[in-house]
1. Starting from the 7 Å offset along Cα-to-Cβ, what nm value, one decimal, do you get for the label separation of residue 103 and residue 13?
2. Quick check: Cα centre of region 77-93 to Cα centre of region 4-32, how many Å?
3. Which ³J(HN,Hα) values, rounded to whole Hz and listed in residue order, are derived for region 83-94 from phi using the Karplus coefficients 6.51, -1.76 and 1.60 in 6.51 cos²θ - 1.76 cosθ + 1.60 with θ = phi - 60°, glycine and proline given as x?
4. Residues with amide H under 5 Å of residue 69's amide H, sequence separation 5 or more or different chain, H placed in the peptide plane at 1.01 Å from N; which?
5. Quick check on packing: order 27-34, 73-80, 14-21 by the mean number of other C-beta atoms within 10 Å, highest mean leading.
6. From the backbone phi of region 32-41, what are the Karplus-calculated ³J(HN,Hα) couplings (6.51 cos²θ - 1.76 cosθ + 1.60, θ = phi - 60°) in whole Hz, Gly and Pro given as x?
7. So how far apart, in nm, are the two label points at residue 71 and residue 38 if each is 7 Å from Cα heading toward Cβ?
Amino acid sequence: MTTNEIEKQLKQRAEFQIRDHAKMITDTLANFCREHTNINRSGLRWHSKRVKPHKKYTSSPEPDDPSDHFDWNELAQLIRRNMEINLLDNMVEKKAKELLNKIDLLG
């Protein structure tokens, strides 16, 4: 097996772990909402930019935040995408180093 094939397998495994963890996070949030409110929500409402949208004029109604609601699948995708961007390369590198250390110990 070549180094590229091993790296590809490590990357696929890390992607699966991230996807699984993101799903677990959103399932936990969904179950928390159901358990503590007795309401079966399709997602969460929030201001994703951490800032409420500003009014342009004092007489205008409160503007809507276009990202104020994420359904559970959309939220899982957002978490997964951010985890992959921030963690994927480091996860693959760590696992590759662990494998190389095992090979050195055996050889």
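1. In this crude spin-label approximation the distance works out to 1.4 nm.
2. What the calculation gives is 9 Å, centre to centre.
3. Result, ordered by residue: 5, 5, 4, 8, 10, 4, 4, 5, 5, 5, 4, 4 Hz.
4. For residue 69, the qualifying residues are 46.
5. Top of the packing list down: 73-80, 14-21, 27-34.
6. Values, residue by residue: 4, 4, 5, 5, 9, 10, 6, 10, 8, 7 Hz.
7. 2.7
Where a number appears in this text, it was derived from the coordinates with a stated rule and is not lab data. The structure presented is a predicted model; accordingly, all values stated were derived computationally and were not measured. Quick reminder, even Gly has a Cβ in these numbers, built from the backbone with ideal geometry, and neighbours come from all protein chains shown.
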